[in-house]
Amino acid sequence: MELEGKHILSTKQFDPESLTALFELTTKMEVILEKGESDILSDKILAVLFFEPSTRTRFSFESAMQRLGGKVISNAQMMETSSIQKLESLEDTGKVISQMVDVVVMRHPESGSVTKLSQKSKVPVINAGDGSSEHPTQGLLDLYTIWKEKGGLDGLTVGIIGDLKYGRVPHSQCDLLRHFDVKFVFVSPEELALPREIIDELRSRHREIRVSENLEGTIPDMDVISMTRIQKERFESEKEYEKYAGMYILDEKLMAKAKEDAIVIHPLPRVDEIDVEVDKDKRAKYFEQVKNGVAIRMALLSMVLGVEI
Ligand code: NCD
């Protein structure tokens, strides 16, 4: 897949060949990261528009751009401080900003909002999370982490645990993993189960799926333990959220039941779903995963900007 000049809005744009190409370029970006930096994007400017809180994703994109010598204009409080306050539409915002920069990264609480802005942008727009819909670059870095740690994706049993209804990360992970011979174990309260259409898509590909509310009973089968946070900000009330808060906590006792060579990933931030004592377990990969995120975003930025290394 040729990404030059394209928006990255959805994981649906990727297939196994384009994923392999992306992962190979990401491996080269890791070498650049080890050396320090490069200047291949020195004549490019990235605009970062965040309408929703973030620590990792925003810094990760900004770090990726700067590691490749590019420049960054960033606003983490678009909702409060941009002309959106003066009722400017997302379409006009896209049209205006794309006159000034070479690439745009955006996060917004509404599903479909990044697509809306991209429609009037003449430069590539990358989705850094739109509501509970998708988070393509997180899904890509999660798959890269699994690919790197496990030497591939086929044949693995992947457990995805937590808020599978509102979590955009599980949605993106499933959409990318559907291309591989993976067995899925979905662990969530029934009310926070994966949307029907995602399950149907996996079934249409004859993927083996197990659905459970019980982490203790299913963890021994998992090669990948993908934990997610209950998405507090998507619930109608605090009371509703409280019903599920603290429901799954991965601790040393549960880790004792997991495979010796399993890996634990998490997009972070965590609340309490992974006990800090698990951080020292060699199977915990969630902090290394953050570094993989910078490398994957370096690869994606250079691809959409059409700059080869
Ligand atoms: C995720 C997100 O924003 O969807 N965080 C991230 O980008 N690393 C996961 C989450 O907030 O639970």
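The values are calculated or read from the model by the stated rules, or taken from the named source; none is laboratory data. All figures in this text were calculated on a predicted structure; none of them were measured in a lab. Positions of Cβ are generated from backbone atoms using ideal geometry, with glycine treated the same way; all protein chains shown enter the neighbour counts. The area values use the complete protein model at the heavy-atom level, side chains included, leaving out ligands, DNA and RNA. Shrake-Rupley method; radii C 1.70, N 1.55, O 1.52, S 1.80 Å.
Among rounded, prolate and oblate, which fits region 8-137 when a ≥ b ≥ c are the square roots of the eigenvalues of its C-alpha gyration tensor, a/c under 1.5 means rounded, and a/b larger than b/c means prolate?
Judged from the Cα gyration tensor, region 8-137 comes out prolate (a/c at least 1.5, a/b above b/c).
Tally Lys and Arg at +1 and Asp and Glu at -1 over the other residues with C-beta under 9 Å from the C-beta of Leu33: what net charge comes out?
Details: positive: Lys35, Arg67, Lys291; negative: Glu30, Glu34, Glu37.
Net charge in that neighbourhood comes out at 0.
Given the -39500 (n - 2.57) contribution per DSSP H run of 4+ residues, what per-residue ellipticity at 222 nm results for the chain, rounded to the nearest 500 deg cm²/dmol?
When only DSSP H runs of four or more count, the value is -11000 deg cm²/dmol.
In debye, nearest 20, what is the charge dipole magnitude of the chain about its Cα centre with +1 on Lys and Arg Cβ and -1 on Asp and Glu Cβ, if you could check?
Values: 41 positive and 53 negative charges, 98 e Å.
Using Cβ point charges on Lys, Arg, Asp and Glu, the chain gives about 480 debye.
Taking the Cα centre of the chain as the origin and placing charges on Cβ (Lys, Arg +1; Asp, Glu -1), which of Val182, Thr55, Ser42 is farthest toward the positive end of the dipole?
Ser42
Would you mind counting up the charge near Leu268? Only other residues with Cβ under 10 Å from its Cβ, with Lys and Arg at +1 and Asp and Glu at -1.
+3
If packing is taken as the average number of other Cβ atoms within 10 Å across a peptide's residues, how do 188-194, 87-93, 125-131 rank, most packed first? Please report the intermediate quantities before stating the final value.
Numbers: 188-194: 16.7, 87-93: 14.9, 125-131: 24.9.
For the peptides 188-194, 87-93, 125-131, the packing ranking is 125-131, 188-194, 87-93.
If you build the convex hull over the alpha carbons only and average its shadow over all orientations, what do you get for region 58-101? Give it in nm² to one decimal. Walk me through the numbers on the way to the answer.
On the way: hull surface 13.7 nm².
Hull-based average projected area comes out at 3.4 nm².
I need the shape label for region 146-272. Rule: rounded when a/c is under 1.5, else prolate if a/b > b/c, else oblate, with a, b, c from the alpha carbon gyration tensor.
oblate
Is there a quick way to get the dipole size of region 136-289? I mean about its Cα centre, with the Cβ of Lys and Arg at +1 and of Asp and Glu at -1; what is the value in debye to the nearest 20?
Dipole size: approximately 380 debye.
As a test, work out the antiparallel percent of DSSP beta bridges whose residues both lie in the chain, rounded to the nearest 5.
Percent antiparallel among DSSP bridges in the chain is about 5.
If you average the alpha carbon positions of region 157-198 and of region 266-309, how far apart do those two centres end up, in angstrom?
If we compute the Cα centre of each part, the gap is 19 Å.
On the accessible surface of the chain, probed at 1.4 Å, how many percent belong to carbon and sulfur atoms?
48
Can you give the local net charge around Leu254? Use residues other than it whose beta-carbon is closer than 10 angstrom to its beta-carbon, Lys and Arg +1, Asp and Glu -1.
Details: positive: Lys253, Lys257; negative: Glu216, Asp251, Glu252, Asp275.
Net charge around Leu254: -2.
Three principal axis extents, largest first, for the C-alpha atoms of the chain, in Å?
54, 44, 39
Over region 60-203, average the accessible area per residue using a 1.4 Å probe and give it in Å², no decimals.
Accessible area per residue, region 60-203: 38 Å².
Report, in listed order, any pair from Lys116/Lys232; Lys239/Lys280; Lys120/Lys243; Lys35/Lys280; Lys86/Lys165 with a Cα-Cα distance greater than 30 Å.
Lys239/Lys280; Lys120/Lys243; Lys86/Lys165
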